[in-house]
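Comments concern the structure below.
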Amino acid sequence: QVQLVESGGGLVQAGGSLRLSCAASGSFFRINDMGWYRQAPGKQRESVAVITRDGRTNTADSVKGRFTISRDNAKNTVYLQMSSLQPEDTGVYYCYARAQRGIMIPAEDYWGKGTLVTVSS
């Protein structure tokens, strides 16, 4: 199993910054993609940013230029640096990882429990 634990959420004023972290632990062979999704109140969960194991990124248009995703493979950790935050960025941010528990086992998707980000106007 793979456990993902997020940290770094909180309350921030519009224009402010936050950095989210997500550390993976447990028994696994390799973590492939990692990323962040978010779910605003009353809305569906959406992709924010994803990063491959070799560092290629895909960032949602709504946060491009403001959010930066990165990862540390040695620490099995993914980060989301969020700047110029706006009230519409408010939501629960979920960490995601696609990981293999063994060399011959297909990759599976894992999710953290989420961390709340609230941006006040």
- Taking a cut-off of 27 Å between Cα atoms, list the lysines near Lys75, but don't count ones fewer than 8 places away on the same chain. Lys64, Lys113
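Taking R0 as 25 Å, what FRET efficiency do you get between Gln39 and Ile105 from their Cβ-Cβ distance, rounded to the nearest 0.05?
Values: r = 29 Å, r/R0 = 1.15.
After rounding, the FRET efficiency stands at 0.30.
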- Note on the structure: The size of the Cβ-based charge dipole (Lys, Arg +1; Asp, Glu -1) of the chain about the Cα centre, to the nearest 20 debye, is 180 debye
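Under 8 Å for C-alpha pairs, at least 6 residues apart: give me the relative contact order for the chain, rounded to a whole percent. Walk me through the numbers on the way to the answer.
On the way: 311 pairs, mean separation 44.5, N = 121.
Reported relative contact order: 37 percent.
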- Is segment 44-100 rounded, prolate or oblate when judged by the Cα gyration tensor, a ≥ b ≥ c being the square roots of its eigenvalues, rounded requiring a/c under 1.5 and prolate requiring a/b larger than b/c? prolate
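In whole percent, how big is the carbon plus sulfur part of the accessible area of the chain, probe 1.4 Å, protein atoms only?
On the way: 3060 of 6510 Å².
With neighbouring chains kept in place, the figure for the chain is 47 percent.
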- For segment 28-87, report the accessible area per residue in Å² (1.4 Å probe, heavy atoms, rounded to an integer). 55 Å²
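The values are calculated or read from the model by the stated rules, or taken from the named source; none is laboratory data. Note that the coordinates shown come from a computational prediction; the quantities given were computed from them, not determined experimentally. Glycine also receives a Cβ, built like all others from the backbone with ideal geometry; neighbour counts cover every protein chain displayed. These area figures cover heavy atoms from the full protein model, side chains too; ligands, DNA and RNA do not enter into them. Shrake-Rupley method; radii C 1.70, N 1.55, O 1.52, S 1.80 Å.
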